[in-house]
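Read-outs throughout are calculated quantities, based only on the coordinates presented, and are distinct from any laboratory measurement. This one's a predicted model, so the numbers in the text were calculated from it and none came from an experiment. Cβ placement follows ideal geometry from the backbone for every residue including glycine, while neighbour counts extend to all protein chains displayed.
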Amino acid sequence: MAELVSKRAQVARIRRTAVRALADYPVTDPHLTFIAHGENTTFRVDSGGGRYLMRVHRPNRHGPGVDSHAAVRSELAWLAALRADTDLSVPEPIHTRGGRPTAAADGRVCSLLGWQEGRMRAANPRPVHFRRLGGVLARLHEHASGWVPPQGFTRMRWDWETFFGDTMEYGGVSAAGCWDLLPAAVRTQFSEVASRMRAVMASLGSAPGAFGLIHADLHLENALFDGDVVRLIDFDDCGFGYWLYDLAVPLWEYRDRPDYEELRAALIEGYSQRREPPDLTHLDDFLATRHVGFGLWFAGMAQVNPAFAAGMDRTMGWIQRSPDQLL
């Protein structure tokens, strides 16, 4: 792996890109505060007219050969529909002065969203948080089941090939290349999951009872709690996939906690109060799928992001020691 440019230098460069992109938006006297540098680089934008989230999207984020503008426009189209059709709290897409949903600067796609307030509960969640999140997931799936996407709607398809094949690109590395970056023991574990999931996904198929438009990344850092309201953020991974995967994502990182079964029951209870849940027989299989997806993503990101590179050995060791149900 080539020597990495420091995180500070990377963020400083992308900050300049964000400032150039903001010039296209009806935002006066913006002040940018760095938030995160991962798949995308994000900044809080404070201005006289309000507070926003600026995203500078990674090239090839949605797979090689996919038009990033079309993919981000499609994400924003779903957000706009959710805001129009439901009372779910999701970010408001902000258009440029010229009426476009995205901007471009320095060859990067950029988008601006309204800011979402609330508290993250990821560090110490209680069953009530999972129950509320389950209800929100059910309403999200209910909308997706009845919504007809506009012509040209372009989003990832979270099927076997995307999770385990060579469809995606992580940190500029092809998904197949990310497999080669894994320690041998982890690669063996992941290969066993891939083999099992080929049969599971084939049996589930893509009928509406199992498959539809999902958030695909609704872990507890992407849900903001404000009293009884759950505000959803980060639809950047949204695409067509298994309802079960959306239920597995918030549970995955708590699988080895002593209260896991209570948290799992609360999530399913909250979902069931709003919508008939999918068959839960393979929920643990989708937890394992999330485990593989995280490992491949982390390995790729470690090739371009110094923070990920520094944690590569520790993270791969943690993956290898994970509960049996994840492998």
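Counting helices only, and only those DSSP H runs with n ≥ 4, report the 222 nm mean residue ellipticity of the chain as the sum of -39,500 (n - 2.57) divided by its residues, in deg cm²/dmol to the nearest 500. List each step's numbers first, then the result.
Numbers: 11 runs with 143 residues, N = 327.
-14000 deg cm²/dmol, from helical runs alone.
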**Asked** Using a basic spin-label model with each label point 7 Å from the Cα along Cα→Cβ, how many nm lie between LEU88 and PHE153?
**Response** 1.2
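If R₀ is 45 angstrom, what is the calculated FRET efficiency for the pair PHE34 and SER206, using the beta carbon separation as r and rounding to 0.05? Don't skip to the end; give the middle numbers.
Working: r = 40 Å, r/R0 = 0.88.
E(calc), rounded to 0.05, equals 0.70.
Report the Rg/Rh value for the chain, based on alpha-carbon coordinates and the Kirkwood definition of Rh. Don't skip to the end; give the middle numbers.
Values: Rg = 19.3 Å, Rh = 20.5 Å.
Looking at the chain, the ratio lands at 0.94.
So between GLN320 and ARG126, what do we pick up on full extension, going 0.36 nm a residue minus the alpha carbon distance? It would help to have the intermediate numbers written out before the result.
On the way: separation 194, 0.36 × 194 = 69.84 nm, distance 2.70 nm.
Contour length minus Cα-Cα distance gives 67.1 nm.
Tell me which GluC sites (Glu not before Pro) from the range 1-81 have a DSSP coil assignment and no more than 14 other beta carbons within 10 Å of their own. Kindly include the intermediate steps, with their values, before the conclusion.
Values: sites: GLU3, GLU39, GLU75; in loops: GLU3, GLU39.
Qualifying residues, ordered by number: GLU3.
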**Prompt:** For labels at SER191 and SER272 in the simple 7 Å Cα→Cβ model, what's the distance in nm?
**Reply:** 4.0
**the chain - charge dipole about Cα centre, Lys and Arg +1 at Cβ, Asp and Glu -1, debye rounded to 20** = 900
**Asked** Listing VAL72, VAL19 from the residue with the fewest other Cβ atoms within 10 Å to the one with the most, what is the order?
**Response** VAL19, VAL72
**Message:** If you average the alpha carbon positions of the range 10-84 and of the range 182-204, how far apart do those two centres end up, in angstrom?
**Reply:** 34
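If I stretch the segment between VAL229 and ALA265 completely, what's the gain in nm (0.36 nm per residue apart, minus their alpha carbon distance), one decimal?
Numbers: separation 36, 0.36 × 36 = 12.96 nm, distance 2.00 nm.
The span from VAL229 to ALA265 would gain 11.0 nm if fully extended.
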**Fewest-first ranking of SER206, SER195, using other Cβ atoms within 10 Å as the exposure measure** = SER195, SER206
**Item:** Excluding exposed DSSP-loop trypsin sites (Lys or Arg not before Pro) (at most 16 other C-beta within 10 Å), longest clean stretch of the chain
**Value:** 98-273
**Message:** For the chain, set up a GNM with springs between Cα atoms under 10 Å and report which of VAL90, VAL128, VAL292 has the largest fluctuation.
**Reply:** VAL128
**Asked** Using a simple spin-label model with points 7 Å from Cα along the Cα→Cβ vector, what separation in nm is obtained for ASP279 and GLU117?
**Response** 4.5
**Prompt:** Can you give the percent of C-alpha pairs in the range 190-303 whose distance is more than 22 Å?
**Reply:** 35
